[in-house]
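Let me begin by presenting the structure, written as structure tokens, before commenting on it.
Since every read-out is calculated from the coordinates, none of them should be taken as a lab result. The model shown is predicted, which means the values in this text are computed figures rather than measured ones. Here the Cβ positions follow ideal geometry from the backbone for every residue, glycine too, while neighbour counts run over all protein chains shown.
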Amino acid sequence: MLKSILKGSAATLIASGIMAGAAHAEEIRIYFNAGHGYDTYLEVFEEFEADNPGWTVAFERYQWPDLRTKLVADFAAGNPPDLVAEPGAWVPEFAQQGLLYNLDDLAARDRAEFDYPGDWQDASVRKNTVDGSLYGVQIHLTCATLLYNVDMLKEAGYDNPPTNWEEFREIAKATTRNGVFGFVPNAVWAYSMPWVMQNGGRYYDPETGKIAFGSEAAAEGVQFLSDLIHEDRSAPVPVTGADYEGPQRLFTAGRAAMIITGPWDINPIRTGNPDLNWAVAPSLKEVEQATIQGGVSLMIPKEAQYPEQAWDLIKRLTAVDVEVATSLQYSMTMPRKSWLEDPEVQADPILGQFGACLPYSRDVTLELRQAGKYNPAIDEVLNGAIDEVLFANEPAAEVLAAAEDEANAILANE
């Protein structure tokens, strides 16, 4: 697949007069997350340079906050890079400001060799579409789902993982004993959202144009999680201010029967306890089957000096064989449908099961961001409310209703 992409890309560049030889060669600038400098991507850059004599790839890596600071400054100075990775939240924002390159024509031109958006999970296309046009291409697509200790469940009399809340609660109680919890929740507020969404709740309602996490469905989801902690005692109170790795560490140490996490924890578990007998389960279904979604997209600034070369690199970086090689080496899940169908991915029970959750995963704040109304202060309100429920055992219905009113007041002032 990559060879055909490379061949088609070179032909396109030659036809458009872009590949004119070393005398006209330049440097293409790329901003990436510091943790995603994978060997498979470095090989792509080497191949690009070999196919374009004299061209060099300036691959700059930053932590997300630093990358954003630099990018915003570059936009203001009129000197943005040619290609930028973003953490799943910036495409709508910058596209609405007129700062991104519209990819519609490029995608239509190259559809025969590079089936975008057809071969991408629908959710990943929605994340990169603003006012009906494409402004980004997903490179990583992730979700959080249920991980369970196979041996612990079997010792408690369960051959299969839970599929709904009733079964989950039963198994969490049955696997809790001295020093071991049936479930370990994460302190980060977004990890409460699978319970909200599985019960039919949502963060924002685009029909009313209002924040909706104070609904009865949302409150029931967060209350269910709280009851696991305070009523059943089958889950610990999350450690406030702790990093998101806490549940993974307890799971790896054999002190948790179940956690909810994403593919970023595959390698830490495998290397931290190679003998652990664990598996990945489909996300629970209550009113509906749902879970949270994350990932990374690639975008080309509107004022990029070399948009054609940036597009060429997007095609190379998201080629199916590159996706498969990257996921097998780094346990990253990918957005292309053909990646999920690949025999090597399907043969990996961990990657394959995470991949199977992608179609029903959802980006929690996407609808609000696409409406151009996103404000991180709203997340802070929700985070504080969930802390009140999970840490202080306050009633979810009362706390979330008040938080919804506060969040909608912020929204009204946007």
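Quick one: compute the contact order of segment 194-285, relative version, from alpha carbon pairs under 8 angstrom and 6+ residues apart, as a percent. Before the final figure, lay out the partial values.
Numbers: 66 pairs, mean separation 17.4, N = 92.
Computed over segment 194-285, the figure is 19 percent.
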Next on the checklist: Please arrange Ile229, Ile350 by how many other C-beta atoms lie within 10 Å of their C-beta, fewest to most.
Outcome noted: Ile350, Ile229
Checklist entry - In deg cm²/dmol, rounded to 500, what helix-only [θ] at 222 nm does the chain give when every DSSP H run of at least 4 residues adds -39500 (n - 2.57) and the total is split over its residues? => result -13500 deg cm²/dmol
Item to check | Proximal lysines relative to Lys173, as straight alpha-carbon distance under 28 Å, when same-chain residues fewer than 8 apart are discounted | outcome: Lys154, Lys285
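If you wrap a convex hull around the C-alpha atoms of the chain and split its volume per residue, what is the figure in Å³? Kindly include the intermediate steps, with their values, before the conclusion.
Working: hull volume 55.7 nm³, N = 414.
Each residue corresponds to 135 Å³ of Cα convex hull volume.
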Next on the checklist: To the nearest 20 Debye, how big is the dipole of the chain about its Cα centre, given +1 on the beta carbon of each Lys and Arg and -1 on that of each Asp and Glu?
Outcome noted: 380
Item to check | Candidate lysines - alpha carbon under 20 Å from Lys70, same-chain residues fewer than 8 apart omitted | outcome: Lys302
Next on the checklist: Multiplying the sequence separation of Asn178 and Asn164 by 0.36 nm and subtracting their Cα-Cα distance, what value in nm do you get?
Outcome noted: 2.5 nm
Next on the checklist: Could you identify which residue out of Asn199, Asn178, Asn383 has the top mean-square fluctuation in a GNM of the chain using Cα springs shorter than 10 Å?
Outcome noted: Asn178
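If you restrict to DSSP beta bridges whose two residues both lie in segment 133-284, what percentage is antiparallel, to the nearest 5?
Values: 11 of 12 bridges.
So the antiparallel bridges amount to about 90 percent of the total.
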Checklist outcome for this item: One finds the C-alpha centres of segment 146-206 and segment 339-368 to be spaced, in Å, by 19
Item to check | Mean Cα-pair separation over length for segment 276-414, i.e. relative contact order, pairs under 8 Å, 6 or more apart, % | outcome: 24
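For Arg109 and Arg255 in the same chain, what is the full-extension length gain: residue separation times 0.36 nm, less their Cα-Cα distance, in nm?
Numbers: separation 146, 0.36 × 146 = 52.56 nm, distance 5.32 nm.
Result for the pair: 47.2 nm of gain on full extension.
Peptides 385-395, 357-367, 50-60: what's the order by average Cβ count within 10 Å, highest mean first? Don't skip to the answer; put the middle values down first.
Values: 385-395: 18.8, 357-367: 20.8, 50-60: 15.2.
In decreasing order of mean packing, 385-395, 357-367, 50-60 become 357-367, 385-395, 50-60.
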Checklist outcome for this item: Mean-square fluctuation maximum in Gaussian network of the chain, Cα pairs under 10 Å, restricted to Ala76, Ala356, Ala95, hits Ala76
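With contacts defined as alpha carbon pairs under 8 Å and 6 or more residues apart, what's the relative contact order of segment 126-285 in percent? Write out the running numbers ahead of the final one.
Working: 232 pairs, mean separation 59.0, N = 160.
For segment 126-285, the relative contact order is 37 percent.
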